[in-house]
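Here the structure is laid out as C-alpha cells; the discussion comes afterwards.
The values are calculated or read from the model by the stated rules, or taken from the named source; none is laboratory data. Here the structure is a predicted model, which is why all the values come from computation and not from measurement. Methodologically, a virtual Cβ is constructed for each residue, glycine included, from the backbone with ideal geometry; neighbour enumeration extends over all protein chains shown. Keep in mind that these areas ignore ligands, DNA and RNA; they rest on the heavy atoms of the full protein, side chains included. Shrake-Rupley method; radii C 1.70, N 1.55, O 1.52, S 1.80 Å.
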Amino acid sequence: MNNALYRVKTAGKQSMAKPSFVRAVFAIVWKDLQAEYRSLELVSAMLVFSLLVIIIFNFALDLDIKARQTVTAGVLWTTFAFAGTLGLNRSMAVEKDRGCLDGLLLAPVDRSAIYFGKAISNFTFMLVVEAVVLPVYSVLYNTNLFQPGLLMVIFLGSIGYVGVGTLLATMSVQTRTRDILLSILLFPVILPVLLPAIIASNGFLSGVPVQDILFSIGLLVAYDIIFISIAFMVFDNVVEE
C-alpha cells in the first residue's frame, strides 16, 4: 500500500515538473510570437527582402511580357527560399545570442518539443510573408496567384522548407560562420522540395491538367513526411553536439 502511494506521489510530481509535449510546443510558439510582435524584427526583415526581390525582378522582366508569365513560379520560390533562409538564420541566432537556446535545452521538456515549437514559429512567420508577397506580386505582374491548387503547393513547400531549415539552422547557429553555413547546408538538401514546388506551381499557373501535376505534389508530401520525421529523430543529437 505504501509503495503504491509512493509511486502515485512520484508520478504526480513528475507530471507537474515536466509539462506535456503539446503544452511545451505551444509555450515555445507563444514565446516566439510574443517576442516577434513586440520587436517585428524578423518578419520586417523578411518582408523588406522579399519585396525588394520581386520589385527587382519586375523591372528586369519589364520589357518581355512573355518571359514574365513563364518565370512566375521561379521568381516566387526564389523569393520564398531566400527570405525563408534569412528568417531561419535570424530566428536561431536570436535564441543563441540571448542565451534562450541554452535555457530551452535545460528545460524539463522533450528536446523534440523545441524543434516543433521553433518549426511552427518559423512556418507562421513564413506564411505572414507569403500572405503579403502574393497580392503584391499579383498586382505588379498582373497575374492571379490566388488559386487553390497554387496555394496548396505553397503551403506544402513551405512545410518542407521550414522543417528541414529549422534543423539545419540549429546546427549552423553553433558556428562562427552561421550566416554562410546555413545557405551552404540548406540549398542542396532543399532542392527536392523546391523543384517539385516550382513544377507544380507552374502547372497550376499554366492551366495544366491536375493529373500531370499529381506526381510533383506527391513528391512534396513524401518529402515533408520523410524529412520532418528524420529531423524529429536526430534533433536531440544535434543540440547535444
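Here M92 fulfils each of the conditions (1) touching a residue at least 24 places away in the same chain (Cβ under 8 Å); (2) hydrophobic (A, V, I, L, M, F, W, C); (3) under 19 Å from V136 (Cα atoms) apart from (3).
The residue list V94, V75 contains one member that is open to solvent by 10 Å² or more (accessible area, probe 1.4 Å), aliphatic (A, V, I, L, M), within 27 Å of L40 (Cβ to Cβ) and in a helix (DSSP H, G or I), which is V94.
Scan region 34-42 and tell me whether some residue there is surrounded by fewer than 15 Cβ atoms within 10 Å (Cβ to Cβ) and among the charged types (D, E, K, R). Yes - at least one qualifying residue is present in region 34-42.
Exactly one residue out of Q211, Q174 is over 21 Å from V53 (Cβ atoms), open to solvent by 50 Å² or more (accessible area, probe 1.4 Å) and in a helix (DSSP H, G or I): that is Q211. Of the candidates F146, F82, the single residue that is modelled with pLDDT of 85 or more, surrounded by fewer than 18 Cβ atoms within 10 Å (Cβ to Cβ) and not in a helix (DSSP H, G or I) is F146. Please tell me if L194 is surrounded by 17 or more Cβ atoms within 10 Å (Cβ to Cβ), assigned to a helix (DSSP H, G or I) and under 18 Å from the mean Cα position of the chain (by Cα). Here the answer is yes, as L194 does meet what is asked.
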